[in-house]
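J.: Sharing a structure with you now.
The values are calculated or read from the model by the stated rules, or taken from the named source; none is laboratory data. Because the structure is predicted, anything quoted here is derived from the model rather than measured. Positions of Cβ are backbone-derived with ideal geometry, glycine not excepted, and every protein chain shown enters the neighbour counts.
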Amino acid sequence: MTLADVTALMLTHLDADHFYHGWVRFLAKRAAHGSPLRLHIHRRHRNAAWRGGLTAREVSLFEEQIDLPCDARAEPVLLAHDDLGSVGFVIEHAGHRLGFATDLGAVPRTMLKRFVNLHALALESNYDRQMQEQSGRPVFLKRRIMGGMGHLSNEQAIEAVREIERRSRLSHIALLHLSEECNCPRHVTRLWHREMPHAIKRLTITNQREPTPLLQVLRPGLQVEVKQQFLFQTAC
């Protein structure tokens, strides 16, 4: 699969580290060459989309189910993140179900009720709490990140995975959105070895600098590629 094969994108939200304004020109170029790329954006983000230069030519607004190519569908799950929130998804195709959620300040019960019978899970694991507290970041930023409308810590992610796993058959668990300034894959790996050693072989820790290899669920019929999108990073 190449970028030319992609015909639709679902956006969780329109923060700069998830939607780059330069993509507007790319979308126009694709459309001019007869291969338009459709963006599916929740209605709660439409004003941000128009301010960012997007138009109805590129955008499909949704509130409920999204019908995708190849008989796939996605059901949105609203999440708390900053003022406008973000959107998680349960994506279903050929009997396979993927749960995807990033940029959520806390794990709502509504998400846990929807993230059931999954075959793969992609979930934010943004920061190590001690590294966050000891970082040189300003106090307001630490409060934003850890205050329930920012991001998930490693411990919060594990707690969510534990509950989701009890009602699912997860062949892959991909951790998203790791902060290089306030997190480190080594810390995450040690935590999982201690707290969920049985899941280590199914764990993928993503890196925003390198595309994640294609992950295939145990049952044939669905392949899922998960890429890290968090751009506000320095070295571990």
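J.: I'd like to verify a number: residues in the stretch 146-161 that are within 16 Å of the chain's Cα centre (by Cα) and closer than 24 Å to D83 by Cβ, how many?
T.: Just the residues of the stretch 146-161 that are within 16 Å of the chain's Cα centre (by Cα), to begin with: 149-154, 156-158, 160-161.
Keeping just the survivors that are closer than 24 Å to D83 by Cβ gives 149-153, 156-157, 160.
So the answer is 8.
J.: Is it the case that the stretch 135-143 has a residue that's surrounded by 15 or more Cβ atoms within 10 Å (Cβ to Cβ), in contact with a helix residue (DSSP H, G or I) (Cβ under 7 Å, 6 or more places away or on another chain) and either among the charged types (D, E, K, R) or not assigned by TED's automatic domain parsing to the domain that holds Q216 (or both)?
T.: Yes, the stretch 135-143 has at least one match.
J.: Follow-up question, since we're still on this one. Of all the residues that make up the stretch 79-103, how many are under 16 Å from I164 (Cα atoms) and in a loop (DSSP other than H, G, I, E, B)?
T.: Total meeting the criteria: 1.
J.: Those residues that are part of a loop (DSSP other than H, G, I, E, B) and in contact with a Lys or Arg (Cβ under 6 Å, 6 or more places away or on another chain), I need them from the stretch 131-182; list them, please.
T.: Residues of the stretch 131-182 that are part of a loop (DSSP other than H, G, I, E, B), as a first pass: 135-138, 147-152, 167-171, 177-182.
Of everything in the stretch 131-182, just one residue is part of a loop (DSSP other than H, G, I, E, B) and in contact with a Lys or Arg (Cβ under 6 Å, 6 or more places away or on another chain), namely G150.
J.: I've got another one for you. Output the residues belonging to the stretch 39-89 that are among the charged types (D, E, K, R), surrounded by fewer than 17 Cβ atoms within 10 Å (Cβ to Cβ) and over 30 Å from R109 (Cα atoms).
T.: Scanning the stretch 39-89 gives R51, R57.
J.: Please state which of the following conditions L118 fails to meet, knowing it meets all the rest: (1) free of Cβ contacts under 8 Å to residues at least 60 places away in the same chain; (2) not in a loop (DSSP other than H, G, I, E, B).
T.: Tallying (1) free of Cβ contacts under 8 Å to residues at least 60 places away in the same chain; (2) not in a loop (DSSP other than H, G, I, E, B), L118 fails exactly one: (2).
J.: Taking the stretch 83-129 as the search range and keeping residues that are β-branched (V, I, T) and touching a strand residue (DSSP E or B) at 6+ places or on another chain (Cβ under 6 Å), which one is farthest from F62 (Cα to Cα)?
T.: Let us first name the residues in the stretch 83-129 that are β-branched (V, I, T), namely 87, 90-91, 102, 107, 110, 116.
Now restrict to residues that are touching a strand residue (DSSP E or B) at 6+ places or on another chain (Cβ under 6 Å): 87, 90-91, 102.
Working: V87: 11, V90: 14, I91: 14, T102: 18 Å.
It comes out as T102.
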